[in-house]
1. Give me the extension gain from Glu148 to Ser117: residue separation times 0.36 nm, minus the current Cα-Cα distance, reported in nm with one decimal.
2. How far apart, in nm, are two points set 7 Å out from the Cα along the Cα-to-Cβ line at Lys40 and at Lys106?
3. Measure off 7 Å from each Cα along the Cα-to-Cβ vector at Glu94 and Phe141, then give the distance between these two points in nanometres to one decimal.
4. Classify the stretch 89-182: rounded, prolate or oblate, from the alpha-carbon gyration tensor (a ≥ b ≥ c, eigenvalue square roots; a/c under 1.5 rounded; otherwise prolate if a/b is larger than b/c)?
5. With only Lys, Arg, Asp and Glu charged, each at its Cβ (+1 for the first two, -1 for the last two), find how big the charge dipole of the stretch 107-158 is about the Cα centre; round to the nearest 20 debye.
6. So for each of 58-67, 73-82, 117-126 I average, over its residues, the number of other beta carbons within 10 Å; can you give me the resulting order with the highest mean first?
7. How charged is the neighbourhood of Arg176? Take every other residue with its Cβ under 13 Å from the Cβ of Arg176, and add Lys/Arg as +1 and Asp/Glu as -1.
8. Rounded to the nearest 0.05, what FRET efficiency do Lys68 and Ser181 give with R0 = 30 Å and r taken as the Cβ-Cβ distance? Could you check?
Amino acid sequence: MFKKLAAGIGFGIVLAVNPIAIGENNSSNYRTNLLDKSTKKAIDVSKISIGDIKLGMKEKGIFKKLGKPKSRTTKYDDICYGSYITTWKYDGLEIEGLSSSNNSSKSEVHQITASSSRYPTENGVKVGDRISTAQKSSSTFSSTINSENNLLAYPNDAYGGLVFSLNKQRRIREIRLLAASC
């Protein structure tokens with residue numbers, strides 16, 4: 001009886017600690033093992049900026065840093081966020097903000113996407129840099145590399161984070177900062 005109980009407890013620990021055992025994240029890129037004693041933490045997206053724009057900024061702060069955008073749109077999203085999404089578009093930069101009203105000046109930035117080297121992160125990482133530049137600048141944070149989709153991701157605890165999309169030469173082609181995902 002104790003042998004069966006011990007085996008059951010052991011199997012339960014494997015399932016609780018290792019999601020691969022139950023089929024989650026079992027792609028060839030997912031690297032987890034029971035003995036990993038990493039001290040790396042999830043990234044704090046509130047301390048990151050792209051092109052001097054930070055998550056949580058309002059329209060007035062964006063305009064002060066970047067000037068008026070090429071375009072600005074506001075639409076209601078009832079599928080994911082249940083709020084109004086304002087999108088400010090600049091050459092090589094797209095910023096999205098969320099608000100409970102249709103007033104874009106009340107929107108708070110929740111996502112920033114850069115596709116131009118003119119908008120580096122606060123650590124100087126920019127589009128066109130090698131993947132190693134991004135890895136060195138954020139080496140204290142936990143990360144995942146998805147080589148199937150050419151992504152280097154530094155997730156936060158709210159299913160957001162900092163994501164670098166890479167080209168075939170392993171250079172950054174896009175940088176995305178996201179507060180949280182729905």
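No value in this document is a laboratory result; all are computed from the given coordinates. Treat the numbers as computed from the prediction; the structure is a model and nothing was measured. Every residue, glycine as well, gets a Cβ built from its backbone with ideal geometry; the counts of neighbours run over all protein chains shown.
1. Working it through step by step, the gained length comes to 8.8 nm.
2. 4.0
3. In this crude spin-label approximation the distance works out to 2.1 nm.
4. The shape class here is prolate.
5. 280
6. 117-126, 58-67, 73-82
7. -2
8. FRET efficiency, Lys68 to Ser181: 0.55.
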